[in-house]
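Structure first, commentary second.
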Amino acid sequence: MTPKNKIAEVIKLWMADKKHYIKKSSFSAYVLLIENHLLPSFGEYYHISEADVQRFVLQKIDHGLSQKSIKDILIVLKMILKFGAKLGLQEYKPFDIQFPVDRVMKTADVLNRVDQKKVMAYVEDNFTFKNLGIFISLSAGVRIGELCALTWEDIDTDTGVIRVRKTIQRIYVIDEGERRTELILDSPKTKNSIRDIPMSRDLLRLLKPMKKIVKSTFFVLTNEAKPTEPRTYRSYYMKLMKELNMPKLKFHGLRHSFATRCIESKCDYKTVSVLLGHSNISTTLNLYVHPDHEQKKKCIDQMFRALR
């Protein structure tokens, strides 16, 4: 079959179809990938070969894009090409793409124990609703979008649980040729992200008196009917950490810090994975479980004791 349609035309048809079946936020993410990467690279092509895709991957790596981001783009490209083949507009052949070996072990950036204690003590001594969010993140490991979406009705001080049921994010929207961004309140990232997180005693002590006087429908970070959005809260967090003379750490590092403290405390990995809302335990293991020298030595010693 000789393709008669440019990839750009197939993409347009795929987007019109896909829009009916996925969340608005997911569609927005696809649009960004397509506009920033696929259309500029392949839009004028009639056929994409494996060599074209391999060349694309190496170019993106050279420009500093992570392997995960590139793999996400390839997933979308495959969906588009399969859709084109289904309609008889394109030929689809699976491509086997090679990535350079990543020799650097990735570890999550976290607060050390001393700095974490300092930050949490500061929040307790200088309470504001915005500061409370930092304490919640270090105590429960929620994502920033989940934190911004928390309302007081999600905080159950009777059972001592935070119920994660929604997230806030700003998405990119194309509507009849108009391009804009839109703040949306949506269900969380995946079904595993819908979860109940038990509160620590310290967090419960902070929240219990407030729960009696706040309005249940108000957002926790603003204590108002209107939420704050992630980018605004991220800026507030960075400014506060600078004032406290803390190491430069992305907001997501608070979630990493929570997970790291759990692992250090010998919590079982499956439980940590569920608390974080990961879809797969391997995500948790790859990010946080890196045995130190003593653990490795203990493992070898146990193995030889068993041999005796």
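Among residues of region 34-45 being under 26 Å from the mean Cα position of the chain (by Cα) and either at pLDDT below 90 or buried (at least 18 other Cβ atoms within 10 Å of the Cβ) (or both), the one that is farthest from A8 (Cα to Cα) is H37. At least 2 residues being more than 20 Å from E229 (Cβ to Cβ) and under 21 Å from the mean Cα position of the chain (by Cα) is the threshold, and among the helices (runs of 4 or more DSSP H) wholly inside region 102-208 those reaching it are 129-140. For region 259-282, name all the residues that are touching a helix residue (DSSP H, G or I) at 6+ places or on another chain (Cβ under 7 Å), β-branched (V, I, T) and under 21 Å from R165 (Cα atoms). Once the filter is applied, which keeps residues that are touching a helix residue (DSSP H, G or I) at 6+ places or on another chain (Cβ under 7 Å), β-branched (V, I, T) and under 21 Å from R165 (Cα atoms), region 259-282 yields V272, I281. Among residues of region 86-99 that are among the small types (G, A, S) and surrounded by fewer than 14 Cβ atoms within 10 Å (Cβ to Cβ), those with a Cβ under 8 angstrom from a residue that is assigned to a loop (DSSP other than H, G, I, E, B) and modelled with pLDDT under 90, sequence gap 6+ or separate chain, pair up as G88/M1.
Counting only residues that are buried (at least 16 other Cβ atoms within 10 Å of the Cβ) and polar (S, T, N, Q), region 179-199 holds 1 of them.
The values are calculated or read from the model by the stated rules, or taken from the named source; none is laboratory data. Note that the coordinates shown come from a computational prediction; the quantities given were computed from them, not determined experimentally. Because the Cβ atoms are built from the backbone with ideal geometry, glycine has one as well, and the counts that use them run over all protein chains shown.
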